[in-house]
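The values are calculated or read from the model by the stated rules, or taken from the named source; none is laboratory data. Here the structure is a predicted model, which is why all the values come from computation and not from measurement. Don't worry about glycine lacking a Cβ; one is built from the backbone with ideal geometry, like all the others, and counts go over all protein chains shown. Heads up: the accessible areas ignore ligands, DNA and RNA and are worked out on the full protein's heavy atoms, side chains in. Shrake-Rupley method; radii C 1.70, N 1.55, O 1.52, S 1.80 Å.
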Amino acid sequence: MPFPSDTDPDLEIERLLADEFTRQTTGLQLIASENFTSPAVMHAVGSVLTNKYSEGYPGKRYYGGNQVVDSIEAIAIERVKSLFGADHANVQPHSGANANMCAYQALLNAGDTVLGLSLDHGGHLTHGSPVNASGKLYNFIPYKVTPGDERIDMDQVRDLALKHRPRMIVAGTTSYPRRIDPAPFRAIADEVGAYYMYDAAHLAGLIAGGAYPNPVPHADVVTFTTHKTLRGPRGGCILSTSEHAAAIDKAVFPGWQGGPLEHVIAGKAIAFREAASDAFKAYAQQVVANASALANALARNGFRLVSGGTDCHLMVVDLRPFDAELTGKEAQAVLDLAGITLNKNTIPDDPRSPFVTSGVRIGTPSVTTQGMKEPQMDTIADLIARALRDRTDDAKVAAVKAEVAALCAAFPAYPAA
Ligand SMILES: *Cc1c(COP(=O)(O)O)cnc(C)c1O
């Protein structure tokens, strides 16, 4: 049977793919959880591996025909273990959220108590939000950042651990701009007999590149996404000590997932190799240097940086000192019109709702992949400030958009198609 010839009438989807390519490459991509993955990764993700069922693990599959897939998955596992110095790796989680749920299932029973960073202070939905399965299945107790310096308060983590005796402590964040020292969490977990899980979703690329502390020597389990700073295909991964290897593998399959996405796993294998290169080390350092430069330039423009700055790839910006009337929601919408893509974000103890917010989150992984450096960060801060200051003047916003397009044209993410 030939494939039908009218699968994409009037090239409806083809045109939209081209539109999205244009959007990504003519605007500034400042969403901290996004990146540009390599053409080699995209080639793997678009390959015939998407046709294959391979439930199980290398050498232990339910269906036949998995000789090639076994080699690919085994390579991905070896590469990621070596990249992070881990005893065990499971490369099958379809996403970061799945990786977390699998890790919980491997180590916890329903109803167990877990400590995690509060969502509105930089934690993730899968760290016990009541609207997420993690918050329904487990008894999450949130810890918070200190009001004064807006940093994770290890004294509070310890006090809560002693009081609630959690079965697990979760470290790792989605919008926290500062360095997390992985060792003190281990000490507290040991003191109360808890497991220690570190969610490195955002940070995996910085860790791989040596630009952020590696939690693998300290934690029982480290989960992460492969598509954020790590710059691979969209997906998840779990690292663990040998002790938890069997439980992790069982929790992923058959616990949570069916057939693995081997086309994505091939992309992960390529990304793990890329992330082991010297060029990637330089990339990770530049991501952090660019974030510092951008944070400083935004501060000069009258914005307040939550916690006073950044040690990683992202910053959370309090808009109120710049303009008391300006909400995160409005800033996101205006900047979208100016070709600058970022997201609204709560600031710690935000007086506005999570749908409105008083802040935005900004990250430098994508623009750094494009080759931008500190001078361009100054330009970006000025463009953001101008678009927001002149937000009621359509012509001025359009002028910013034209300058954004010119800047992106000088730093193409991909060779022209
Ligand atoms: C992004 C993120 C996740 C979830 O990843 P998805 O691939 O979107 O499911 C989990 N934890 C943290 C800390 C994250 O930042």
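Here are a few things to note about the model shown:
- Cross-link partners of LYS268 among lysines, defined as those whose alpha carbon lies under 29 angstrom from its own and excluding same-chain residues fewer than eight positions apart: LYS52, LYS60, LYS81, LYS228, LYS250, LYS281, LYS373.
- Magnitude of the charge dipole for the chain, about its Cα centre and with charges confined to Cβ atoms of Lys, Arg (+1) and Asp, Glu (-1), is about 460 debye.
- Placing R0 at 41 angstrom, the Cβ-Cβ distance between SER47 and ALA406 gives a FRET efficiency of 0.70 after rounding to 0.05.
- Close amide H pairs (under 5 Å, H built 1.01 Å from N) link PHE140 with VAL114, residues at least 5 positions away or on another chain.
- When only Cα pairs below 8 angstrom with a gap of at least 6 residues are kept, region 42-275 shows a relative contact order of 30 percent.
- Taken over region 42-275, the percentage of Cα pairs per 10 Å bin, counting from 0 up to the bin with the maximum distance, is 8, 35, 35, 17, 5, 0.
- Counting only protein heavy atoms and a probe of 1.4 Å, the accessible surface of the chain is 55% carbon and sulfur.
- Taking GLU20, GLU73, GLU34 as the candidate residues, the one with maximal mean-square fluctuation in a Gaussian network model of the chain, Cα springs under 10 Å, is GLU20.
- Most mobile of ALA133, ALA86, ALA324 in a GNM of the chain (Cα contacts under 10 Å): ALA324
- Binning the alpha carbon pair distances of region 1-134 at 10 angstrom intervals from zero yields the distribution 8, 23, 29, 29, 9, 1, expressed in whole percent.
- The HN-Hα couplings worked out from phi for region 45-52 by the Karplus form 6.51 cos²θ - 1.76 cosθ + 1.60 (θ = phi - 60°) are 5, x, 9, 5, 4, 5, 7, 9 Hz, whole numbers, x standing for Gly and Pro.
- A 1.4 Å probe run over the chain, with the rest of the protein chains in place, finds 42 Å² accessible per residue.
- For ARG352 and ARG23, the FRET efficiency from 1/(1 + (r/R0)^6), where r spans their Cβ atoms and R0 equals 30 Å, is about 0.60.
- Karplus (6.51, -1.76, 1.60) ³J(HN,Hα), θ = phi - 60°, over region 214-230, in Hz, Gly and Pro reported as x: 8, x, 4, x, 10, 8, 5, 9, 10, 9, 7, 9, 9, 10, 8, 4, 5
- Here GLU330 sits with roughly 70 square angstrom of accessible surface, probe radius 1.4 Å.
- Placing unit charges on the Cβ atoms only, positive for Lys and Arg and negative for Asp and Glu, gives region 329-417 a dipole magnitude near 120 debye about its Cα centre.
- Highest-MSF residue in the chain out of PRO348, PRO184, PRO233 [GNM, Cα springs under 10 Å]: PRO184
- When Rg and the Kirkwood Rh are both derived from Cα coordinates, the Rg/Rh ratio for the chain amounts to 0.98.
- The antiparallel fraction among DSSP beta bridges confined to the chain stands at about 55%.
- Area of LYS136 that stays accessible when all protein chains are in place (1.4 Å probe, Å², to 10): 150 Å²
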